[in-house]
Amino acid sequence: MSPTTAIALVCKTPAIGRGKSRLWPLLGPARTAQLSACFIRDVAETLAALPATLSRQCYALFSPVGTEAALRELLPPDWQLIPREANDVGQVLEVSLNALLQAGHDGVIFMNSDSPSLPSVLIEEAITALRADGDRVVLGPSLDGGYYLIGLKACHPALFRNMAWSTPAVFNTTCARAAQMGLPVHVLHEWYDVDEAQDFHRLKAECCGQAPIADAMVTAGPARHTRALLAAWAAAETPPPHQPGQG
């Protein structure tokens with residue numbers, strides 16, 4: 001059998017009042033839920049478009065338990081769902097990594113669901129790097145100091161335990177711990193998550209044609225669902241043009 005890499009999208013099933021609360025002051029809970037759903041659809045489409053030769057199986061590592069039906073509506077039918085039953089991010093990643101490796105995958109990649117325009121070339125690079133000889137960790141650093149992707153082909157609990165999650169120290173701490181273990185780190189190009197108001201403004205600027213990352217050597221993904229939603233919001237907020245004879 002050819003090697004198959006597991007790609008697990010870590011996400012919350014979108015619903016009004018659930019997730020991304022830091023965007024609520026700007027967008028409100030309802031629009032934030034709409035945006036989250038578009039993000040998941042866009043990342044799923046990016047993964048579906050990867051070359052078949054890369055041989056991957058996609059999973060949604062999701063919460064809360066019991067929202068499978070709603071999440072299924074956002075994903076291709078070949079995805080498998082894994083309920084996230086622990087609150088600690090590190091515990092979730094460690095347990096899920098072990099389970100997916102034991103299921104026979106040659107490597108496991110965890111991705112966030114907050115980067116709708118993540119370039120597919122970075123995911124391809126992550127899969128290829130994991131399949132090279134020797135143990136390693138693959139990291140995709142995000143602008144906020146965390147990472148949008150982590151890939152492993154063996155479990156190293158020190159990378160997950162007692163981590164100050166959701167802080168600007170996550171990426172650097174992970175690299176430092178890997179160095180202490182003698183574990184090589186393959187670093188991907190930097191990208192961004194959409195968690196805060198400033199991230200949303202970066203996303204809007206990208207959808208208007210601005211490069212989201214300065215001096216980026218990769219092309220952003222299409223993010224067609226997110227772009228369509230932002231365009232619809234903009235159209236709804238734009239007053240109709242003044243017609244001759246009116247007013």
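The values are calculated or read from the model by the stated rules, or taken from the named source; none is laboratory data. Keep in mind it's a predicted model, so treat the numbers as computed, not measured. Don't worry about glycine lacking a Cβ; one is built from the backbone with ideal geometry, like all the others, and counts go over all protein chains shown.
Which numbered condition trips up Leu159, out of (1) farther than 15 Å from Val185 by Cβ; (2) of a type outside the set (Lys, Arg); (3) touching a helix residue (DSSP H, G or I) at 6+ places or on another chain (Cβ under 8 Å)?
(1)
Could you count how many residues in region 207-226 are under 17 Å from the mean Cα position of the chain (by Cα) and either modelled with pLDDT under 90 or part of a helix (DSSP H, G or I) (or both)? I'd like the intermediate steps shown before the answer.
So the first thing to find is which residues in region 207-226 are under 17 Å from the mean Cα position of the chain (by Cα), and the list is 212-213, 218-226.
Okay, now just the ones that are also either modelled with pLDDT under 90 or part of a helix (DSSP H, G or I) (or both), so 212-213, 218-219, 224-226.
Summing the residues that are under 17 Å from the mean Cα position of the chain (by Cα) and either modelled with pLDDT under 90 or part of a helix (DSSP H, G or I) (or both) in region 207-226 gives 7.
Could you grab me the full set of residues in region 83-92 that are surrounded by 18 or more Cβ atoms within 10 Å (Cβ to Cβ) and either assigned to a loop (DSSP other than H, G, I, E, B) or touching a helix residue (DSSP H, G or I) at 6+ places or on another chain (Cβ under 9 Å) (or both)? Lay out the reasoning, then the answer.
Of all residues in region 83-92, those surrounded by 18 or more Cβ atoms within 10 Å (Cβ to Cβ) come to 84, 92.
Result: Arg84, single match.
Looking for something in contact with a helix residue (DSSP H, G or I) (Cβ under 9 Å, 6 or more places away or on another chain) and either of a type in the set (Val, Ile, Thr) or under 14 Å from Val10 (Cα atoms) (or both) - is there at least one such residue anywhere in region 95-106?
No, because not a single residue in region 95-106 is in contact with a helix residue (DSSP H, G or I) (Cβ under 9 Å, 6 or more places away or on another chain) and either of a type in the set (Val, Ile, Thr) or under 14 Å from Val10 (Cα atoms) (or both).
Condition test on Leu74, is it under 29 Å from Gln198 (Cβ atoms), within 18 Å of the chain's Cα centre (by Cα) and not in a helix (DSSP H, G or I)?
Yes, satisfied.
Please go through region 48-70 and give me each residue that is buried (at least 16 other Cβ atoms within 10 Å of the Cβ) and in contact with a Leu (Cβ under 8 Å, 6 or more places away or on another chain), ordered by number.
Those that are buried (at least 16 other Cβ atoms within 10 Å of the Cβ) and in contact with a Leu (Cβ under 8 Å, 6 or more places away or on another chain): Arg56, Cys58, Tyr59, Ala60, Leu61, Phe62.
How many residues does region 162-184 hold that are closer than 26 Å to Thr128 by Cβ, of a type outside the set (Phe, Trp, Tyr) and surrounded by 15 or more Cβ atoms within 10 Å (Cβ to Cβ)?
Adding up the residues that qualify gives 7.
If only one of Leu203, Leu229 is within 29 Å of Ser166 (Cβ to Cβ), modelled with pLDDT of 90 or more, in contact with a Pro (Cβ under 9 Å, 6 or more places away or on another chain) and assigned to a helix (DSSP H, G or I), which one is it?
Result of the check over Leu203, Leu229: Leu203.
Could you check how many residues of region 11-51 are over 18 Å from Gly221 (Cβ atoms) and among the aliphatic types (A, V, I, L, M)?
7
Among the residues of region 61-100, count how many are among the small types (Gly, Ala, Ser) and in contact with an Asp or Glu (Cβ under 9 Å, 6 or more places away or on another chain).
Going through region 61-100 one residue at a time, the tally reaches 1.
State whether the residues of region 56-73 include one that is over 26 Å from Ala99 (Cβ atoms) and among the aliphatic types (A, V, I, L, M).
The answer is no; no qualifying residue exists.
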